[in-house]
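No value in this document is a laboratory result; all are computed from the given coordinates. As the structure is a computational prediction, the values presented were derived from the model and not from experiment. Cβ placement follows ideal geometry from the backbone for every residue including glycine, while neighbour counts extend to all protein chains displayed.
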Amino acid sequence: MIIAVDGPAASGKGSIARALAAHYGLPHLDTGLLYRAVGVATARSGGDPDQEADAAACCCIDDALLTDPELRNEAAGALASRVSQHPAVRAALFAYQQDFARQKGGAVLDGRDIGTVIAPDADAKLFITASSDVRAKRRHLEDSHADYTDILADILARDARDSERSAAPLRQAEDADLLDTSDMTIAAAVQRAIALVEARIRR
Ligand code: C5P
C-alpha cells in the first residue's frame, strides 16, 4: 500500500505520515529532507540556491548530511524551497522517491507533490492543511527565541513559492482527502487520518 501525504509547512503532515507508517508497519520517507539537504549543500558549497546549475550540482546527497540537525531549522526550509523550484533538482530526486514509493509492501511518503507527481497511483492520498496563523504558532512553540511575526512571514513566503512555482507546485490532488488540522490535537488528527485511509482502501 502506498500512502501519499502532502501539505504546506507545519500543517502536521510529517507527524501524521510517521504515525501512519507506524500504524501500518510501512517505511516512511520525509521527502522535504532531501530538498533541505540539497539547499544546505548548495549554500555550503558557496553556490546560489536560485541558480539551477548550482543547485543541480549538489543533488548527490550523502547519508551523513541527512542526519545533520541543521537540516531541521527554518533557514534550511527556506533554502529547500528555493532549490526545489528548479526542474533539474526535482528530476534528480525523482527516481529515488519513486523507487521508495514502489518498494515491495509499499510505503508512506510526505512532501508537496507525492500525490500529484511521485505516486499519482497511491492507494490513499491525504492533503493536510492548517491556517497560516496556527502553523506559525506551532513553529513558534518549537522555537520561542524566534519572533512570531518573522515565522509567519517565512511561512507565507514559503507557501507562495511552493504553490506558485511551475515545476510540481504544491496542490491537492483531485483524488486526495483534505484534512484541516487547525483545531485538532495531533492525536485527533492521526485518528482522522487513519479513518480516511481506511475508508479509501475499503472502496
Ligand atoms: O516538508 P519540508 O518543510 O521539510 O520541505 C521543505 C521544502 O522542500 C518545501 O518548502 C518545498 O519547497 C520543498 N519540497 C518540495 N517537494 C517535496 C518536499 C519538499 O518541493 N516533495
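Assuming charge only on the beta carbon of Lys and Arg (+1) and of Asp and Glu (-1), the dipole of segment 19-154 about its Cα centre is about 420 debye to the nearest 20.
Subtracting the Cα-Cα distance of Met1 and Gln103 from their residue separation scaled by 0.36 nm leaves 35.8 nm.
In order along segment 177-192, the Karplus-derived 3J(HN,Hα) couplings, from 6.51 cos²θ - 1.76 cosθ + 1.60 at θ = phi - 60°, round to 8, 8, 10, 8, 9, 3, 10, 10, 6, 5, 5, 5, 5, 5, 4, 5 Hz, and Gly and Pro are given as x. For segment 39-49, putting each phi into the Karplus relation 6.51 cos²θ - 1.76 cosθ + 1.60 with θ = phi - 60° gives couplings of x, 5, 5, 5, 5, 5, 7, x, x, 9, x Hz, in residue order, rounded to whole numbers and with x for Gly and Pro.
Cross-link partners of Lys104 among lysines, defined as those whose alpha carbon lies under 29 angstrom from its own and excluding same-chain residues fewer than eight positions apart: Lys13, Lys125.
Simple rule: put +1 on each Lys or Arg Cβ and -1 on each Asp or Glu Cβ in the chain, find the dipole, and look at Val89, Val38, Thr129; the Cα lying farthest toward the positive end is Thr129. When the P(r) is computed for segment 2-202, the part past 22 Å accounts for 46% of the Cα-Cα pairs. Scoring 32-38, 45-51 by mean Cβ neighbours within 10 Å over their residues and listing the highest first yields 32-38, 45-51. The protection proxy used here, the mean number of other Cβ atoms lying within 10 Å of each residue, ranks peptides 124-131, 189-196 as follows, highest first: 124-131, 189-196. Counting only aspartates and glutamates at least 8 places from Lys137 when in the same chain, those with an alpha carbon closer than 16 Å to its own are Glu74, Asp147, Asp150, Asp154, Asp159, Asp180, Asp183. Residues whose amide H lies under 5 Å from that of Leu29, counting only those 5 or more places away or on a different chain, are Val108, Leu109, Asp110; hydrogens are built 1.01 Å from N in the peptide plane.
Taking packing as the residue-averaged number of other Cβ atoms within 10 angstrom, the listed peptides 53-60, 104-111, 179-186 run from highest to lowest as 104-111, 53-60, 179-186.
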